[in-house]
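Q: One structure, pasted below without further comment.
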Protein chains: 2
Amino acid sequence: MARPIIFGEISGIEEGHLFDGRKEMMPSSFHRVWGRGIDSDKEKGAAAVVLSGGYKDKDNDDIIIYTGAGGRDKNGKQIEDQKWSHNDNTGLITSCDRGMPVRVIIGHKHKSLLAPKSGYVYAGLYYVDSSWDEIESFGDKQFRMCKFKLVYAGKNTNRPTPEEIELDHSVRDKKRRQGTVMRIVRDTQIALMVKELYDFKCQVCGIAIKTKSGFYAEGAHIKPLGKPHNGDDSLKNLLCLCPNHHVMFDKGTFSISDNLSLIGNEKGRLKLDEKHQIDKSNLKYHRTSHGYE
Amino acid sequence: MARPIIFGEISGIEEGHLFDGRKEMMPSSFHRVWGRGIDSDKEKGAAAVVLSGGYKDKDNDDIIIYTGAGGRDKNGKQIEDQKWSHNDNTGLITSCDRGMPVRVIIGHKHKSLLAPKSGYVYAGLYYVDSSWDEIESFGDKQFRMCKFKLVYAGKNTNRPTPEEIELDHSVRDKKRRQGTVMRIVRDTQIALMVKELYDFKCQVCGIAIKTKSGFYAEGAHIKPLGKPHNGDDSLKNLLCLCPNHHVMFDKGTFSISDNLSLIGNEKGRLKLDEKHQIDKSNLKYHRTSHGYE
């Protein structure tokens, strides 16, 4: 485990890359641990998972229900419950909380359209949508298993994006799901940086939302991304906020003056790390957008 | 204004329906107010808007940047700022906060591919994504205008859904936007019911997120919608929560016992209105999913 953990794409290994075996994945840190499904760092997150047919992981390639680690004896027989405190399961929850990508590798024994005839294939980057417990039967015994929903989020434009996958579900479920999207919270590499800078504590209230493995926060763009505002996805345009203050900021319930005092319906000052330079023209844009100047 | 305000689709008037004039929209309550762009109730929301070319509303049909009401003299000349406190603008913010659909009507003078040769066309249901101020020039004067981003959310499967529209932006902006979707908050007719029942106050902490016009809350499904859980979109499976407690509930930071006491990382009891019957099997599902039993 001396090799460093690497998240996201690894140079030279494109989606669809074939590996003869597990050992070939190790020198590049693509998947560092032979014989284990999850390549994980408890605090930093899980970088890669292998689906090798060991568990009955149901998947349709774009949404994968992945079973966590632990509870098996030396022969691979399930003999006890899986635990969220297992390093590998905790790593996947960390990836979920932080919106980090996980490399998915599919082995030839796995039931999937993507499975190669032999060896392993890199199926692309996925994000961890959610996690939960499930009671599963193994012969006459039942054990509690850790489950993860992984959703394709790679760069192959021939495969659907998370939005299209969600949409496909809606359409299949009931033609068009009644109702609208209120909020889509995206996450980017830069957003992770701002959240780590503040240890996932909200820059307004200091709250960090506790999860099974660590903490959750959201990267909030000061000048919004997308039409018609076209703000940047840069550290100078990002704040680390709890979901409540993210909603309030986006809706203009409060804004921020150049001296970082809060204006509107929040009192106090924005906490700002000395390494975090905010573009004041973005603050001004937010104030002007919401009637504060 | 004696006619009741009606939200969403009106029976017998499908998307694409043509009206000779504004008066034809009034008997059915499709758009009740002649000569005004927005048919709105300050507290309940805006039911319908007309785009008649009166303002320079830029739109591509699926995303419409709509200008609010107010500040014009009898001849239609802009003579002062628009105000968020104007009933019609407040109504559109209420619709935004509550995830309610707005009927969009496009007149023949409006620059749009959907514009009819004469009269007006019903362009479908939209949701109000966001609102902000913009300084606009009128001759040598400048006024502050209220702006709304409306996104198509109707039933015409030949037109894109909100997810596809968001996606289309991502793809156009930079091939595939880096990063993943952390959270998609959808809203449904039923979700609005549960939020209204609690006056938008979180059933855990009592907080209602203040916005420009009223309050914001989220409808949280106890047993999740979608694969693999397949929970119902019904009042028995919904809670009214603030965004923070919505995230915490979805991630299993806390759960709820059958006697409504909170378990895990929250203390106290779930506030429950006597008219709100929760399906206890859904609570059990949540507890089991997150290791509380």
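Q: Antiparallel DSSP bridges in chain A: what percent, to the nearest 5?
A: Working: 43 of 47 bridges.
Bridges in chain A that DSSP calls antiparallel: roughly 90 percent.
Q: I've got another one for you. As a check on your grasp of the helix formula, calculate [θ] at 222 nm for chain A: sum -39500 (n - 2.57) over DSSP H runs of n ≥ 4, divide by the residue count, round to the nearest 500.
A: Working: 5 runs with 52 residues, N = 293.
Calculated from helices alone, the mean residue ellipticity at 222 nm is -5500 deg cm²/dmol.
Q: Could you estimate the translational diffusion coefficient of the stretch A:189-289 from the Stokes-Einstein equation, with Rh from the Kirkwood formula over C-alpha pairs, at 10 °C and 1.306 mPa s, in whole µm²/s?
A: Working: Rh = 13.5 Å.
For the chosen part, D equals 118 µm²/s.
Q: Further question: For the protein assembly as shown, state the average projected area of the convex hull of the C-alpha atoms over all orientations, rounded to one decimal in nm². Let's see the in-between values first.
A: Details: hull surface 115.8 nm².
Convex hull of Cα atoms, orientation-averaged projection: 29.0 nm².
Q: Also, I was wondering about something else. Taking A:Lys77 in one copy and the same position in all the others, each labelled 7 Å out along Cα→Cβ, what are the pairwise distances from the first, in nm, shortest first?
A: Computed spacing set for this position: 9.2 nm.
Q: Let me ask something else. Using a label point 7 Å beyond Cα on the Cα-Cβ vector, give me the inter-copy distances for B:Ser137 in nanometres, one decimal, shortest first.
A: Nearest first, the other copies' label points are 7.5 nm away.
Q: Can you give me the solvent accessible area of A:Phe215 with a 1.4 Å probe, rounded to the nearest 10 Å²?
A: 80
Q: Cα centroid distance between the stretch B:30-101 and the stretch B:254-293, in Å?
A: The distance from the Cα centre of the stretch B:30-101 to that of the stretch B:254-293 comes to 41 Å.
Q: Taking all protein chains in place and a 1.4 Å probe, what share, in percent, of the accessible surface of chain B do carbon and sulfur account for? Provide the component values of the computation, followed by the final result.
A: Numbers: 6390 of 12990 Å².
Reported share for carbon and sulfur atoms: 49 percent.
Q: Sticking with this one: May I ask you to rank A:Ser112, A:Ser11, B:Ser137 by accessible area, largest first, using a 1.4 Å probe over the protein chains only?
A: Details: A:Ser112 25, A:Ser11 115, B:Ser137 60 Å².
Output order, biggest surface exposure first: A:Ser11, B:Ser137, A:Ser112.
Q: While we're on this one: Need one value for B:182-195: mean number of C-beta atoms belonging to other chains within 10 Å of its residues' C-beta atoms. Don't skip to the answer; put the middle values down first.
A: Numbers: counts 17, 10, 11, 8, 10, 6, 4, 2, 2, 4, 1, 0, 0, 0.
Counting Cβ atoms of other protein chains within 10 Å of each residue's Cβ and averaging gives 5.
Q: How big is the charge dipole of the stretch B:15-110 about its Cα centre, in debye rounded to the nearest 20, if each Lys and Arg gets +1 on its Cβ and each Asp and Glu gets -1 on its Cβ? Could the numbers behind the result be given before it?
A: On the way: 15 positive and 15 negative charges, 68 e Å.
Here the size comes out at about 320 debye.
Q: Tell me, what is the per residue accessible area of the protein assembly as shown in Å², probe radius 1.4 Å?
A: Working: 25930 Å² over 586 residues.
I get 44 Å² per residue for the protein assembly as shown.
Q: Considering protein heavy atoms only and a 1.4 Å probe radius, which residues within the stretch A:207-246 exhibit an accessible-area decrease of no less than 20 Å² in the full assembly relative to the chain by itself?
A: When all protein chains are present, A:Ile209, A:Lys210, A:Thr211, A:Lys212, A:Tyr216, A:Leu225, A:Gly226, A:Lys227, A:Pro228, A:His229, A:Pro243, A:Asn244 each give up 20 Å² or more of accessible surface.
Q: At 7 Å along Cα-to-Cβ for each site, give me the label-to-label distance between B:Lys74 and A:Ser85 in nm.
A: Distance between the two pseudo-spin positions: 7.9 nm.
Q: For B:Asp140 and B:His108, what does the FRET efficiency come to when R0 = 35 Å and r is the distance between their Cβ atoms, rounded to the nearest 0.05? Spell out each step's value before the answer.
A: Details: r = 31 Å, r/R0 = 0.87.
Efficiency for this residue pair is about 0.70.
Q: Report the extension gain between A:Lys227 and A:Ser281 in nm, rounded to one decimal, defined as 0.36 nm multiplied by the number of residues separating them, less their alpha carbon distance.
A: On the way: separation 54, 0.36 × 54 = 19.44 nm, distance 1.81 nm.
Residue separation times 0.36 nm, minus the Cα-Cα distance, leaves 17.6 nm.
Q: A further question follows. Using only protein heavy atoms and a 1.4 Å probe, how much accessible area in total is buried between A and B, to the nearest 100 Å²?
A: Numbers: alone 16230 and 16280 Å², together 25930 Å².
Using a 1.4 Å probe on protein heavy atoms, the buried area is about 6600 Å².
Q: May I pose another question? Over every pair of different alpha-carbon atoms in chain B, take the mean of 1/r and invert it; report that Kirkwood radius in Å.
A: On the way: mean 1/r = 0.0478 Å⁻¹.
Final number for the Kirkwood radius of chain B is 20.9 Å.
Q: Okay, next question. As a quick test, which of the pairs B:Lys201/B:Lys236; A:Lys23/A:Lys147; A:Lys212/B:Lys201; A:Lys251/B:Lys275; A:Lys227/A:Lys284; B:Lys147/B:Lys210 have an alpha carbon distance above 23 angstrom in this structure? Don't jump to the answer; show the numbers that get you there.
A: Numbers: B:Lys201/B:Lys236 18 Å; A:Lys23/A:Lys147 26 Å; A:Lys212/B:Lys201 26 Å; A:Lys251/B:Lys275 31 Å; A:Lys227/A:Lys284 18 Å; B:Lys147/B:Lys210 19 Å.
Distance filter (> 23 Å) returns A:Lys23/A:Lys147; A:Lys212/B:Lys201; A:Lys251/B:Lys275.
Q: List the distances, in nm and shortest first, from the label point of B:Cys205 to the matching label points in every other copy, placing each point 7 Å from Cα along the Cα-to-Cβ direction.
A: Spacings between copies for this position, smallest first, are 0.3 nm.
Q: Right, something else. Report the FRET efficiency, 1/(1 + (r/R0)^6), for B:Ser28 and B:Cys205, where r is their Cβ-Cβ distance and R0 is 41 Å, rounded to 0.05. List each step's numbers first, then the result.
A: Values: r = 42 Å, r/R0 = 1.02.
Efficiency, rounded to the nearest 0.05: 0.45.
Q: Take the alpha carbon gyration tensor of the stretch A:18-174, find the square roots of its eigenvalues, order them as a ≥ b ≥ c, and report rounded if a/c is under 1.5; if not, report prolate when a/b exceeds b/c, else oblate.
A: Rounded.
The values are calculated or read from the model by the stated rules, or taken from the named source; none is laboratory data. Not measured: the values here are computed from a predicted model. Note that each Cβ is placed from the backbone with ideal geometry, even for glycine, and that neighbours are counted across all protein chains shown. The accessibility values were calculated without ligands, DNA or RNA, using every heavy atom of the protein model including side chains. Shrake-Rupley method; radii C 1.70, N 1.55, O 1.52, S 1.80 Å.
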